[in-house]
Each structure stands twice: as structure tokens, then as C-alpha cells.
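Reading through the C-alpha cells given below for one structure.
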Amino acid sequence: GPLATGVAFDSAGGARFLPPAALAGWARRQGVADAFQSYPTLLADGAVPEPLRVADRGVDLAHRDARLALGRLRDGRLLVALTRFDALGPALGVAPFGLTTPEMAALVGALGCESAVLLDGGISAQLLVRDAGGGRRRWPGLRPVPLGLVALPR
């Protein structure tokens with residue numbers, strides 16, 4: 001769809017965020033090692049797409065939930081952003097809440113991303129990070145997720 005993003009990784013570990021239609025051509029030219037597609041695009045060339053800024057363009061702009069996004073910083077590094085407010089809801093006496101899709105676009109933009117896409121969110125949004133010694137910090141979701149994206153430093 002028009003808000004989908006293809007993320008391609010070359011054999012040197014570089015990442016490109018591309019419109020889905022460009023993914024196959026770029027893959028043949030650049031020797032893609034891995035790629036995937038996700039939805040919706042949060043940022044393209046530093047700009048929030050119009051369907052995330054204008055109501056009634058096919059995206060629910062008001063729904064709040066846990067969000068997980070992958071972004072590319074201006075210097076080429078990747079950023080993984082997870083927003084989970086599970087503990088805040090009960091502490092405030094309200095149901096758990098989170099960011100809207102436009103708010104997540106604003107957050108990754110404020111963190112310096114030029115390109116970004118949402119990954120699966122809601123009850124399956126989770127993250128595991130290992131430090132250099134192998135220790136892990138985990139933010140589990142409410143259900144198992146059968147697919148994961150693994151990033152290793154080079």
C-alpha cells in the first residue's frame with residue numbers, strides 16, 4: 001500500500017528504507033542480504049506522510065497503543081523505539097494507554113530519524129536487548145510473537 005515501507009539490509013550491514021515498489025530493483029542492484037516490509041511509514045526523508053497528518057486518509061489517528069518502530073538516523077545508524085506505558089495506567093487509575101501513530105512519528109522524528117516505519121505493536125510489542133556481556137534487558141509483551149527481528153552490532 002502507499003504507506004508501506006521496505007527495509008533492506010545489504011551484505012555490509014547498511015540499511016535502506018524504500019517504497020515497496022523500489023525494493024526488488026534495489027535488491028538486484030545492491031546485493032540485499034535481508035529485507036522486510038512493514039506498515040505504516042512514519043517518516044520518509046524526514047517528513048510525516050500526509051495520511052498521518054490529515055484525518056480520513058485510511059489511518060486511525062486517534063487510537064492509542066504500545067508502539068514499536070524502526071528508524072534510520074541521519075548518520076545511518078538504526079534506532080529501535082518501543083513505547084509501553086503498561087505500568088502507568090493502573091498507577092493513574094486508568095486503563096493502559098500509549099501513543100497514537102502520529103505521536104510515534106513525532107517521537108522518532110524528535111529522536112533524529114529521517115526514515116521510520118512502525119513494526120507490530122499493541123499486545124505483541126516487545127523488545128529484548130543484550131549488553132556486551134550477554135546480559136539481557138527484556139520488555140515482554142502480553143502474548144508470544146512467532147517472528148522476530150534480530151540486529152547484531154558489526
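Quick notes on this structure:
- Count of the stretch 48-70 residues which are outside any loop (DSSP other than H, G, I, E, B) and closer than 15 Å to Pro2 by Cα: 3
- Residue, farthest from Pro20 (Cα to Cα), within the stretch 104-137, restricted to residues that are over 17 Å from the mean Cα position of the chain (by Cα) and open to solvent by 60 Å² or more (accessible area, probe 1.4 Å): Gly133
- Residue check, Arg16 open to solvent by 60 Å² or more (accessible area, probe 1.4 Å), within 15 Å of the chain's Cα centre (by Cα), farther than 25 Å from Gln126 by Cβ and modelled with pLDDT under 90: yes
- Residue list for the stretch 138-154, restricted to those being out of contact with any strand residue (DSSP E or B) (no Cβ under 8 Å at 6 or more places or on another chain) and either hydrophobic (A, V, I, L, M, F, W, C) or more than 22 Å from Arg16 (Cα to Cα) (or both): Pro140, Gly141, Leu142, Arg143, Pro144, Val145, Pro146, Leu147, Val150, Leu152
- Note on the stretch 50-70: among residues that are in contact with a Pro (Cβ under 6 Å, 6 or more places away or on another chain) and buried (at least 16 other Cβ atoms within 10 Å of the Cβ), the one that is modelled with the lowest pLDDT is Val59.
The values are calculated or read from the model by the stated rules, or taken from the named source; none is laboratory data. Owing to the predicted nature of the structure, the values given are computational and were not obtained by experimental measurement. All Cβ positions, even for glycine, are placed from backbone atoms using ideal geometry, and neighbour counts span all protein chains on display. Quick note on the areas: whole protein, heavy atoms, side chains included, nothing else; ligands and nucleic acids left out. Shrake-Rupley method; radii C 1.70, N 1.55, O 1.52, S 1.80 Å.
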